[in-house]
Amino acid sequence: HNKDILAVVQKDRPPVTPVSPSISDSACTWSWWNWQCEPPELCSYQYRVGDWTTSDSCRAAVQPTPTSDDQCTWDYLSFSCRHPEHCSYQFQLGDLTLEESCRLTIPPPPSADAMAEAYRRLLIENELLGVNGVPIGDDRLQQDAICLASRVGLETILVDQVMQEIPRLVRDASERTMDGFFVGETIPLPTPLIGYLVPADKLFAVLDAIAKLDYALSSPIEWRYVTFNNDDDDAVLHPGNLRSGEWAAVECVSIEIPGWTPDEWRQNFLDFEQTFKDAGGVPHVGKYFGMGVDDTGLIQPFQNVEAGSLYEESQIMDFRTYAGKVDPNGLFRSGFMADHIF
């Protein structure tokens, strides 16, 4: 299950050379005398829904490599989807036959124009995307139901439901933007997340300092250990002040439920970040950092970020060169960090 998800997101399966049949399906016919499809070295019996005669079910033994869901078909003899290296059974609501539930395991990537248009719509529909997480919208009934389920101990049902939807959501995101990491549907609540790397020997002092704060997060603080070796690491955007050695990656998560929970997490994140900085911490730039007060008086991320505070100028120039090669059209240059670097 997880492997299928990763295959969609990371395209981590080996490439397969497309094949073409050496005979057309229409050239394959059924021989009642020999009780087989002929010519037998090129054709085989492959029944599909809609076949009216045995000759209709005679098809080329070597079928072309599927490039769309419509080309994934059901094999009634093996009771599985044909071309298992390309297709798999993926039932979706509305499927009326087994054939309709056979779909490409790894959908073909969309064109650059299609991806650009999809990202443009994402930014228009989600004005605060990258700042406040998933938009709140106006579905208060669903929000209230989620809060009620949490209060009566039904969190596991919510988690199970989300996990069951992940394959479909990842596939939809991959087909639309070739970005399986952006899932456009989830619990419709903002989920702020701040992350820092702190020296491993200062981790428990940091956790102790946070525990003494009057914080109101809805999720436990988590951490994991990681080792960095700057001599071996060739990552272009490796933070310049992240020295070799043992570090602890600390993450703090909250869920803001309008009308149920206040927004103390903003002040919490501001206090947490100061604790991280006092311990010599380095921000995880893929999450919230730079907490500060904006022009409206609201505490927001990405406010206190000075030029040159994250990367050296040489690193930025190297990354710009790299990005110019892999993303010449600037398709993925949006968001705070893209603005900061480009």
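Among residues belonging to region 323-337 that are in contact with a helix residue (DSSP H, G or I) (Cβ under 9 Å, 6 or more places away or on another chain) and either farther than 21 Å from Ser111 by Cα or not aromatic (Phe, Trp, Tyr) (or both), point out the one that is least open to solvent (accessible area, probe 1.4 Å).
Start the filter on region 323-337 by keeping residues that are in contact with a helix residue (DSSP H, G or I) (Cβ under 9 Å, 6 or more places away or on another chain), which leaves 323, 329-334.
Adding the requirement that they be either farther than 21 Å from Ser111 by Cα or not aromatic (Phe, Trp, Tyr) (or both) leaves 323, 329-331, 333-334.
Working: Ala323: 8, Asn329: 130, Gly330: 25, Leu331: 37, Arg333: 87, Ser334: 63 Å².
Looking at residues that are in contact with a helix residue (DSSP H, G or I) (Cβ under 9 Å, 6 or more places away or on another chain) and either farther than 21 Å from Ser111 by Cα or not aromatic (Phe, Trp, Tyr) (or both), I get Ala323.
Any idea which of (1) farther than 18 Å from Leu98 by Cα; (2) of a type in the set (D, E, K, R); (3) open to solvent by 80 Å² or more (accessible area, probe 1.4 Å); (4) outside any loop (DSSP other than H, G, I, E, B) is the one Asp70 doesn't satisfy?
(1)
Here are some residues: Arg243, Arg224, Arg266, Arg320. Which one is open to solvent by less than 70 Å² (accessible area, probe 1.4 Å), basic (Lys, Arg) and either at pLDDT below 90 or under 25 Å from the mean Cα position of the chain (by Cα) (or both)?
Numbers: Arg243 fails: open to solvent by less than 70 Å² (accessible area, probe 1.4 Å); Arg224 fails: open to solvent by less than 70 Å² (accessible area, probe 1.4 Å); Arg320 fails: open to solvent by less than 70 Å² (accessible area, probe 1.4 Å).
It is Arg266.
Going by the conditions given, is Val285 farther than 29 Å from Ile221 by Cβ and either modelled with pLDDT under 85 or not charged (D, E, K, R) (or both)?
Numbers: farther than 29 Å from Ile221 by Cβ: no; either modelled with pLDDT under 85 or not charged (D, E, K, R) (or both): yes.
So Val285 does not fit the description; no.
Of all residues in region 95-124 being surrounded by fewer than 12 Cβ atoms within 10 Å (Cβ to Cβ) and assigned to a loop (DSSP other than H, G, I, E, B), which is nearest to the chain's Cα centre (by Cα)?
Among them, the one singled out is Ser111.
Applying the selection to region 284-308, what residues are open to solvent by 60 Å² or more (accessible area, probe 1.4 Å) and either polar (S, T, N, Q) or part of a helix (DSSP H, G or I) (or both)?
Across region 284-308, the qualifying residues are Thr296, Gln303, Asn304.
Restricting to region 20-66, and then to whatever is under 13 Å from Arg82 (Cα atoms) and β-branched (Val, Ile, Thr), can you tell me which residue is least open to solvent (accessible area, probe 1.4 Å)?
Thr65
Within region 17-38, can one find any residue that is modelled with pLDDT under 85, under 30 Å from Val170 (Cβ atoms) and in contact with a Pro (Cβ under 8 Å, 6 or more places away or on another chain)?
Within region 17-38, one or more residues are modelled with pLDDT under 85, under 30 Å from Val170 (Cβ atoms) and in contact with a Pro (Cβ under 8 Å, 6 or more places away or on another chain).
I'd like the full set of residues that are more than 30 Å from the chain's Cα centre (by Cα) and among the polar types (S, T, N, Q), limited to region 53-94.
Thr53, Thr54, Ser55, Ser57, Gln63, Ser78 - these are the residues of region 53-94 that are more than 30 Å from the chain's Cα centre (by Cα) and among the polar types (S, T, N, Q).
The values are calculated or read from the model by the stated rules, or taken from the named source; none is laboratory data. A quick note: this is a predicted structure, and the numbers were derived from the prediction, not measured. With ideal geometry, Cβ positions are generated from the backbone for all residues, glycine too; neighbour counts draw on all protein chains shown. Heavy atoms of the whole protein, side chains included, go into the accessibility calculation; ligands, DNA and RNA do not. Shrake-Rupley method; radii C 1.70, N 1.55, O 1.52, S 1.80 Å.
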